[in-house]
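Structure record follows, encoded as structure tokens.
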Amino acid sequence: MGVGYAGAMRCWIAVGLAIASSGCNTVFGLEPTVALDAAASSDASPDRDDDGVLNEVDICPEVSDPAQHDEDGDGTGDACDPCALDPSTTGDGDGDGIDDACDPRPAAADCLVLFDSFVGFASTDWEQVAGSMVIPQPGAVRLVTPAPRTGLRPATISGPHSLRARFVAPSFAGGDHLRLLGSSMVSNSDIGHGCWIDAAMLSLVNVVPNPVPTAPFSEILGPSDTLVVSMIHDAPTTFACAVARATEDLRLSRAIQQSPGGNQPLIVVVGGEITMTALAVYAAQVGTCPAPVIR
């Protein structure tokens, strides 16, 4: 005999109460999903770093990076790349957050202070050597010497710093050269200690002009060359220079005397021209590193 209409209604009411009190998963034999649903909803923002780029296409999804620039082409944006100038990764031996492949002092702690990819060049960010001709290009800046030199230095940085930069398309002849210096100018003459690169060799300078010792390139630099140049300033006692070109890697170091003019990093081209596509500036670590300026 059937249960009748009233009995059927009582059965459906009971099922409804069970679903309301226990959830559909329990009634139909499924695993609970309440905790998983809550976790998913807490991380449901399509743009976690609020930089206007959706997570699935953001090359730096946890750090605001509207420019989405990737200097070394390794798929990680400059703003969160521990080695934005080199796609290789070799670890972080000194634990300072800078991959050894980019660390100016891989056995000592450093802070990344500034990384500029020149995606947008703002003259307020830089001080120019008198008479400079600085030509912004897409993702680069061309330093051209009118007479007698052209150059740039970060406007807000002072004190001992190491530099690491990528340069392309050098045009050097005769006495033309690129200088990465660790001191400011004195009476419109760049003076200090640092690195000189010309068409034939890398040199160290103690006080300009004193470009010794030197290490020659295996072949003359050509207009298609790319140079990754480092000036490591471990003030006040030592400094070193390194130039990587294709498979060639030149390195020099020496003790220094503190030069006159203070300590403000300076990039100068004398008599030639060269394009800089990126620059990283590092400082010896003192306490906790501040957030670097990435632009």
**Report entry** Flag for Asp110 being in contact with a Leu (Cβ under 9 Å, 6 or more places away or on another chain) and acidic (Asp, Glu)
**Finding:** no
Requested in this report: Quick one: which residue in Ala246, Ala235, Ala240, Ala278 is in the same structural domain as Arg164 (by TED's automatic domain parsing), closer than 21 Å to Asp116 by Cβ and either at pLDDT 85 or above or among the aliphatic types (A, V, I, L, M) (or both)?
Outcome: Ala278
Query raised in the report: In region 163-209, how many residues are touching a His at 6+ places or on another chain (Cβ under 9 Å), crowded, with 18+ Cβ neighbours inside 10 Å and at pLDDT below 90?
Result: 8
Query raised in the report: Taking the stated definitions as given, is Ser123 within 17 Å of Val243 (Cβ to Cβ) and among the polar types (S, T, N, Q)?
Result: no
Report task. Please note which strands (runs of 3 or more DSSP E) are completely contained in region 123-178 and include at least 3 residues that are without any contact (Cβ under 8 Å) to a residue 40 or more places away in the chain. Result -> 126-128, 133-137
Report summary line: Here, helices (runs of 4 or more DSSP H) confined to region 1-120 with at least 3 residues that are among the basic types (Lys, Arg) and at pLDDT below 85 are none
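The values are calculated or read from the model by the stated rules, or taken from the named source; none is laboratory data. As the structure is a prediction and not an experimental result, all values here were calculated from the model. All Cβ positions, even for glycine, are placed from backbone atoms using ideal geometry, and neighbour counts span all protein chains on display.
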